[in-house]
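*Asks:* This structure is in structure tokens; I'll ask about it shortly.
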There are 2 protein chains.
Amino acid sequence: MNAVTGAAMDVTARTADLAEAAGNLVRLLPARLLDPVLSGLLVRADPDGVELAGTDRDRAVRLRRGATTRVAGQVLVPARPLAETLRALDSPDVRLVVEGSRLAIRTPSARFALPLLDVDTHPGVPEPPTVAGRLVGSALAAALVPVAGAASRDDTIPLFTGVRVRSEGERLVLVATDRYRMAVASLPWEPRCAGLDVLLPAALLAEVARQAAGAAEVELRCDPANPHRAALSWPGAAVGCGVLASPFPDEARYLTSTVDCEVLVAADALAAAVRRVAPYAGPFSSVRLAVGGDELRVQGSDPASGEAEETLVARVDGEPLTRVYRAQYLGEALKAFAGTTVRLGIRGAHQSTRLTAVEPAPDGVDLRYVVMPIRPR
Amino acid sequence: MNAVTGAAMDVTARTADLAEAAGNLVRLLPARLLDPVLSGLLVRADPDGVELAGTDRDRAVRLRRGATTRVAGQVLVPARPLAETLRALDSPDVRLVVEGSRLAIRTPSARFALPLLDVDTHPGVPEPPTVAGRLVGSALAAALVPVAGAASRDDTIPLFTGVRVRSEGERLVLVATDRYRMAVASLPWEPRCAGLDVLLPAALLAEVARQAAGAAEVELRCDPANPHRAALSWPGAAVGCGVLASPFPDEARYLTSTVDCEVLVAADALAAAVRRVAPYAGPFSSVRLAVGGDELRVQGSDPASGEAEETLVARVDGEPLTRVYRAQYLGEALKAFAGTTVRLGIRGAHQSTRLTAVEPAPDGVDLRYVVMPIRPR
């Protein structure tokens, strides 16, 4: 027993397991926290293994890994130094043991000792709510990464930093928009309750999708009777957060309207052309697409930079027309369809352009992307 | 003939060749120049191929590549946009052709057009001076990269941003110091004149070493009668610059004095231990080496971060002692000996520590590194 804090703990685990868990936990929490106690990571050893947990009072992260526990116990230590030290070790196993007022990280040739923080001042990490339904990790990642990328990074309007997560029978629909473009994906899911409709932070979801991509089963958790918190959990991990303000308006009208011209083109070839032309397209990289015949021409011009034009083979169905887009938005939309042929549905001059896949994607994911053209200069 | 500038040119080259040359040229010149005409790159096509040249009034870079010239000529165009466009192309060949007031960069499916700058306002790129001696590119790179890394990045004292280049018979000696550490390398060379001793900018030399590493023969150029400019040239390339102020004092006294204790240790293992301990070693990452028995212990401690100690097997010859070093300087010194056993020669508490290789390096390069210990806290 520790004289100062009453803490005791002695647990040995595979270094790679623990380093991965600590690194994942640090990536799921904000980098800078005003309250120093929240920069701590709770390490709990019990007969089943070791749990790392952390919170910023909104997000709640719990990651569990197998370990051999000699003395069960719980301590609070600085999260980033622990993650950094575990990542840098090259010994296969690592022992975490409380020694005096320190948590020692021991390998056969080295000892690193972190100060123990006062575990009693920590607010605790909330348990995740009940299960609302189940998903496949790879499908979640395929759908969520492009959708989260269409959300705004500007925190001043929190609404647009979220991904709307809505159940529609046996499909889960994910939508995000920053008002200039919108991404909509649906994927198969196994509902446990009806009427799920919450807005969750896009940046957190994108990191969760990356970490859960290998899991055969991911549980989405939200209590329909009290939909103020939600969580995703998969073997060894649970990540929760509060839901954002009420979801934004319906996306259906952007997806169903008729188009003036439909273009089929290789997404990667068009993305590469946009990337090459963008430096010639003025201070805002306004790239023009000119459609006609069996061609799609990508054009840019600016008095200072010069001009550029690249011609791509495309299947065009509809009247010849031109539209101007921000190169960044068009490029990010095309990236979501990398490796496939994409269908561009172009509408009136001031109406949105729709990108959809020609072939169905694996995992039953259906992705649609909407980009607003900009006024030609 | 062009109506505005009188320019004409039409040349076709391999895209990869030209993109590499333009990228290398951009890396050899400062990123930001006050005079816009110096942000231009001279493109000259002649029956032998194409030459790209640029200057910032001090540095002079000429890179030549094979090409098929239909119309010989010379133009001045913005350097970075040209390099960026060439790098992004995926067509195997590229044609540069003057069209009106533009240089068109053409592939079968695309045209990029850069504005022509006024070639008459360009100061021209000085020719390199006469040959002072010859080196092997791989040896130059092996010696110059660690030495240039020991120079200061702080432009306020230009003296310490340089590498002293001095001939000693059939060896060329390279020395750099930022006052806290010093690196000295010598390598074989074939002199064409005696008494070469110049100070050249370290950052430029490091980039030259990288680009010339594959060349069997590199010429160092400097006219002993007028040693105000120097250059390095290798097939297809010549890079010149003005010499800095007079060379700094002699390095010999740091390299020949007797040591109190000599330690043989694997450089990579020590570097890894220093990297792991450094986060525990306080705000200045002051890492302590404790030598004694057959061990080298790497220690760090700080009231806020905790403490760390790692033990390495080492061959120790001399009295037990401890010295404190900045982790960054020790780490960079050890990096220069990566993959080998390094010999640490430790002297009095306020005297420099010497790092040398135990086995001779390939290419006849002899590298010695000196690091100043710091006062223990």
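The values are calculated or read from the model by the stated rules, or taken from the named source; none is laboratory data. All of these numbers come straight from a predicted model, not from anything done at the bench. Positions of Cβ are generated from backbone atoms using ideal geometry, with glycine treated the same way; all protein chains shown enter the neighbour counts. With ligands, DNA and RNA removed, areas are computed over all heavy atoms of the protein, side chains included. Shrake-Rupley method; radii C 1.70, N 1.55, O 1.52, S 1.80 Å.
*Asks:* Evaluate the following for A:Gly100: is it modelled with pLDDT under 95, small (Gly, Ala, Ser) and over 13 Å from B:Glu310 (Cβ atoms)?
*Replies:* yes
*Asks:* Given the structure, is B:Arg134 touching a residue at least 24 places away in the same chain (Cβ under 8 Å), of a type in the set (D, E, K, R) and under 16 Å from B:Ala183 (Cβ atoms)?
*Replies:* Judged against the criteria, B:Arg134 is not a match.
*Asks:* For B:Val98, only one of the following conditions fails: (1) open to solvent by less than 50 Å² (accessible area, probe 1.4 Å); (2) closer than 22 Å to A:Ala272 by Cα. What is its number?
*Replies:* Unmet condition: (2).
*Asks:* Regarding A:Pro115, is this residue more than 14 Å from chain B (Cβ to nearest Cβ) and either touching a strand residue (DSSP E or B) at 6+ places or on another chain (Cβ under 8 Å) or among the hydrophobic types (A, V, I, L, M, F, W, C) (or both)? Walk me through it before giving the result.
*Replies:* Values: more than 14 Å from chain B (Cβ to nearest Cβ): no; either touching a strand residue (DSSP E or B) at 6+ places or on another chain (Cβ under 8 Å) or among the hydrophobic types (A, V, I, L, M, F, W, C) (or both): yes.
No: the conditions fail for A:Pro115.
*Asks:* I would also like to ask the following. Determine whether B:Arg368 is open to solvent by 10 Å² or more (accessible area, probe 1.4 Å), modelled with pLDDT of 95 or more and in contact with a Leu (Cβ under 7 Å, 6 or more places away or on another chain).
*Replies:* no
*Asks:* Would you say A:Gly66 is out of contact with any strand residue (DSSP E or B) (no Cβ under 8 Å at 6 or more places or on another chain), surrounded by fewer than 19 Cβ atoms within 10 Å (Cβ to Cβ) and of a type outside the set (A, V, I, L, M)?
*Replies:* Against the criterion (out of contact with any strand residue (DSSP E or B) (no Cβ under 8 Å at 6 or more places or on another chain), surrounded by fewer than 19 Cβ atoms within 10 Å (Cβ to Cβ) and of a type outside the set (A, V, I, L, M)), A:Gly66 does not qualify.
*Asks:* Take the conditions outside the structural domain of B:Asp363 (by TED's automatic domain parsing), in a loop (DSSP other than H, G, I, E, B), out of contact with any Leu (no Cβ under 8 Å at 6 or more places or on another chain) and more than 23 Å from B:Leu255 (Cβ to Cβ) and apply them to B:Ala225. Does it pass? Spell out the reasoning first.
*Replies:* Numbers: outside the structural domain of B:Asp363 (by TED's automatic domain parsing): yes; in a loop (DSSP other than H, G, I, E, B): yes; out of contact with any Leu (no Cβ under 8 Å at 6 or more places or on another chain): yes; more than 23 Å from B:Leu255 (Cβ to Cβ): yes.
So B:Ala225 passes the test.
*Asks:* Could you tell me whether B:Ala60 is surrounded by 19 or more Cβ atoms within 10 Å (Cβ to Cβ), more than 21 Å from the chain's Cα centre (by Cα), of a type outside the set (D, E, K, R) and under 21 Å from B:Ala238 (Cβ atoms)?
*Replies:* no
*Asks:* Say we look at the stretch B:259-287 and pick out the residues that are away from chain A (no Cβ under 14 Å) and not in a loop (DSSP other than H, G, I, E, B); which of these is most open to solvent (accessible area, probe 1.4 Å)?
*Replies:* Ranking the qualifying residues of the stretch B:259-287, first place goes to B:Glu262.
*Asks:* A follow-up question, please. Run down B:Asp58, B:Asp118 and say which single residue is farther than 20 Å from B:Thr15 by Cα, in contact (Cβ under 8 Å) with a residue 60 or more places away in the chain and touching a Leu at 6+ places or on another chain (Cβ under 9 Å).
*Replies:* B:Asp118
*Asks:* Taking the residues in the stretch B:120-151 that are β-branched (Val, Ile, Thr) and part of a loop (DSSP other than H, G, I, E, B) as candidates, determine which candidate is farthest from B:Val75 (Cα to Cα).
*Replies:* Among those residues, the one meeting the criterion is B:Val136.
*Asks:* Turning to a different aspect of this structure: Just to confirm my filter: which strands (runs of 3 or more DSSP E) fall fully inside the stretch A:155-196 and include at least 2 residues that are under 15 Å from A:Ala209 (Cβ atoms) and in contact with a Lys or Arg (Cβ under 6 Å, 6 or more places away or on another chain)?
*Replies:* Output list is empty.
*Asks:* Cβ-Cβ below 6 Å, separation at least six or inter-chain, first residue in the stretch B:37-49 and in the same structural domain as B:Arg59 (by TED's automatic domain parsing), second part of a helix (DSSP H, G or I) and hydroxyl-bearing (Ser, Thr, Tyr): which pairs?
*Replies:* As it stands, the answer is B:Val37/B:Thr121, since those pairs meet every condition given.
*Asks:* Please find, within the stretch B:152-168, the residue that is surrounded by the fewest Cβ atoms within 10 Å (Cβ to Cβ) out of those that are modelled with pLDDT under 95 and of a type in the set (A, V, I, L, M).
*Replies:* Step by step, filter the stretch B:152-168, then rank; the result is B:Ile157.
*Asks:* Confirm whether B:Leu28 is buried (at least 22 other Cβ atoms within 10 Å of the Cβ) and at negative phi.
*Replies:* Details: buried (at least 22 other Cβ atoms within 10 Å of the Cβ): no; at negative phi: yes.
Considered against the rule, which asks whether it is buried (at least 22 other Cβ atoms within 10 Å of the Cβ) and at negative phi, B:Leu28 comes out as no.
*Asks:* On the basis of being open to solvent by less than 50 Å² (accessible area, probe 1.4 Å) and within 14 Å of another protein chain (Cβ to nearest Cβ), does A:Leu140 make the cut?
*Replies:* In short, no.
*Asks:* Looking for whichever is touching a Cys at 6+ places or on another chain (Cβ under 9 Å), touching a residue at least 12 places away in the same chain (Cβ under 8 Å) and farther than 30 Å from B:Val136 by Cα here; the options are B:Pro320, B:Pro376. Which one fits?
*Replies:* B:Pro320
*Asks:* Just a yes or no: is a residue in the stretch A:208-224 among the hydrophobic types (A, V, I, L, M, F, W, C) and closer than 18 Å to A:Ala151 by Cα?
*Replies:* yes
*Asks:* What do you reckon, is A:Ala83 buried (at least 18 other Cβ atoms within 10 Å of the Cβ), free of Cβ contacts under 8 Å to residues at least 40 places away in the same chain and not charged (D, E, K, R)?
*Replies:* Working: buried (at least 18 other Cβ atoms within 10 Å of the Cβ): yes; free of Cβ contacts under 8 Å to residues at least 40 places away in the same chain: no; not charged (D, E, K, R): yes.
No; evaluated as a whole, the condition is false for this residue.
*Asks:* Return the residues of the stretch A:295-345 that are under 34 Å from the mean Cα position of the chain (by Cα), within 14 Å of another protein chain (Cβ to nearest Cβ) and open to solvent by less than 60 Å² (accessible area, probe 1.4 Å); say none if nothing qualifies.
*Replies:* Listed by number, the residues that qualify are A:Leu296, A:Val298, A:Gln299, A:Gly300, A:Glu310, A:Leu312, A:Ala314, A:Ala327, A:Gly331.
*Asks:* In the stretch B:20-77, which strands (runs of 3 or more DSSP E) lie fully inside it and hold 1 or more residues that are under 19 Å from B:Leu114 (Cα atoms)?
*Replies:* Those strands (runs of 3 or more DSSP E) span B:40-46, B:49-55, B:68-71.
*Asks:* Within the stretch A:204-226, take every residue that is charged (D, E, K, R) and modelled with pLDDT of 95 or more and give me the one that is nearest to A:Thr55 (Cα to Cα).
*Replies:* A:Glu207
*Asks:* Okay, next question. For A:Met182, work out the one condition from (1) at pLDDT 95 or above; (2) buried (at least 23 other Cβ atoms within 10 Å of the Cβ) it doesn't fulfil.
*Replies:* Of (1) at pLDDT 95 or above; (2) buried (at least 23 other Cβ atoms within 10 Å of the Cβ), only one is false for A:Met182: (1).
*Asks:* Could you tell me whether any residue of the stretch A:150-164 is without any contact (Cβ under 8 Å) to a residue 40 or more places away in the chain and within 30 Å of A:Gly318 (Cβ to Cβ)?
*Replies:* No, every residue in the stretch A:150-164 fails to be without any contact (Cβ under 8 Å) to a residue 40 or more places away in the chain and within 30 Å of A:Gly318 (Cβ to Cβ).
*Asks:* While we're looking at this one, here's another question. So how many residues does the stretch B:111-134 have that are open to solvent by 10 Å² or more (accessible area, probe 1.4 Å) and within 29 Å of B:Leu367 (Cα to Cα)?
*Replies:* Of the residues in the stretch B:111-134, 5 are open to solvent by 10 Å² or more (accessible area, probe 1.4 Å) and within 29 Å of B:Leu367 (Cα to Cα).
*Asks:* Just need a number here: residues in the stretch B:69-80 that are closer than 18 Å to B:Arg102 by Cβ, open to solvent by 30 Å² or more (accessible area, probe 1.4 Å) and of a type in the set (A, V, I, L, M, F, W, C).
*Replies:* 1
*Asks:* Next question. Please state which of the following conditions B:Ser246 fails to meet, knowing it meets all the rest: (1) open to solvent by 50 Å² or more (accessible area, probe 1.4 Å); (2) away from chain A (no Cβ under 14 Å); (3) touching a residue at least 60 places away in the same chain (Cβ under 8 Å).
*Replies:* So the condition that B:Ser246 fails would be (3).
*Asks:* Quick one: is A:Leu86 within 14 Å of another protein chain (Cβ to nearest Cβ), part of a strand (DSSP E or B) and not basic (Lys, Arg)?
*Replies:* Working: within 14 Å of another protein chain (Cβ to nearest Cβ): yes; part of a strand (DSSP E or B): no; not basic (Lys, Arg): yes.
For A:Leu86, the condition - within 14 Å of another protein chain (Cβ to nearest Cβ), part of a strand (DSSP E or B) and not basic (Lys, Arg) - is not met.
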